[in-house]
1. Highest first, please rank the peptides 174-180, 41-47 by the mean number of other Cβ atoms sitting within 10 Å of their residues.
2. Under a point-charge model restricted to the Cβ atoms of Lys and Arg (+1) and Asp and Glu (-1), what is the dipole moment magnitude of segment 19-193 relative to its Cα centre, in debye to the nearest 20?
3. Is the C-alpha gyration tensor of segment 71-200 telling us rounded, prolate or oblate? Criteria: a/c under 1.5 is rounded; beyond that, a/b larger than b/c is prolate, otherwise oblate.
4. Give the average over all directions of the projected area of the C-alpha convex hull of segment 105-172, one decimal, in nm².
5. Of TRP108, HIS118, PRO175, which is farthest on the positive side of the dipole of segment 105-197, counting Cα position, with +1 on Lys and Arg Cβ, -1 on Asp and Glu Cβ, and the Cα centre as origin?
6. Exposure proxy check: LEU119, LEU37 ranked by fewest other beta carbons within 10 Å?
7. Quick one: order ILE143, ILE160, ILE114 by neighbouring beta-carbon count within 10 Å, fewest to most.
8. Put a dot 7 Å past each Cα toward the Cβ at MET57 and THR159; how far apart are the dots in nm?
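What follows draws every value from the coordinates through simple rules; no lab data is involved. Remember, predicted model here, so these are calculated numbers, not experimental data. Glycine also receives a Cβ, built like all others from the backbone with ideal geometry; neighbour counts cover every protein chain displayed.
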Amino acid sequence: MNRPTAAALPLTAGGGAQTWMATLNGRWHKAALLTFLAVVIGHWTEHVFQAYQVYGMGMPPSHAMGAMGMLYPWLIRTEWLHFGYAVVMFVGLYLLRSGFVGRAETWWRISLYIQAWHLVEHSLLFVQASTHPFWGKAVPTSILQLVFPRMELHLFYNTIVFIPMVVAMLYHRRPSPAEAAAMTCSCGHAHAFRHAPHAA
């Protein structure tokens, strides 16, 4: 059964706007997605720049802290920023998920599930920074960090969260006619209707 369009969603009993979740995944979905994407790209770029500092500029990993770390090194050295971003990323993926349908929903959920594990890793690091390192290590260490270096591991995490997210947004922007009919936002409607076959 098709989901109702944004215009068909019921109003609250007081005659006001839809619930904030319905509104977020309805008429605000496009703006929310673009804002979220800007935050994600900014963070992902920081990881790429950090990798460039190590492999392109020859910095030791302990000194390669990205562009923000060059301005605020104390902030990058704390686990608060990294944990906080992991929470924001997970919450954003979770809150915006119901605006996706069909193929886009599948790819968005993949990104959400990967980020859930990424959040577990950052939670372990945050707990260790607040108490003491685990696994007999001298510094906070996540599970997969027992095998892979931290910088490369978290660049990988952010990349594999980012890729399915972008795929989801591309499908969301270019839905099939059936997907467009099930959408509660207008993110892809213009494209879908423009390319839908005309009635005989």
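1. Working: 174-180: 17.3, 41-47: 15.6.
The densest-packed peptide leads the list: 174-180, 41-47.
2. Numbers: 10 positive and 6 negative charges, 63 e Å.
The dipole of segment 19-193 has a size of about 300 debye.
3. Working: a/c = 3.47, a/b = 3.11, b/c = 1.12.
Taking the square roots of the gyration eigenvalues as a ≥ b ≥ c, segment 71-200 is prolate.
4. Numbers: hull surface 18.9 nm².
Average of the hull's projected areas for segment 105-172 equals 4.7 nm².
5. The listed residue farthest towards the positive side: PRO175.
6. Details: LEU119 19, LEU37 15.
Starting with the residue having the fewest Cβ neighbours, the order is LEU37, LEU119.
7. Numbers: ILE143 13, ILE160 16, ILE114 19.
Taking fewest neighbouring Cβ atoms as first place, the list is ILE143, ILE160, ILE114.
8. 2.0 nm
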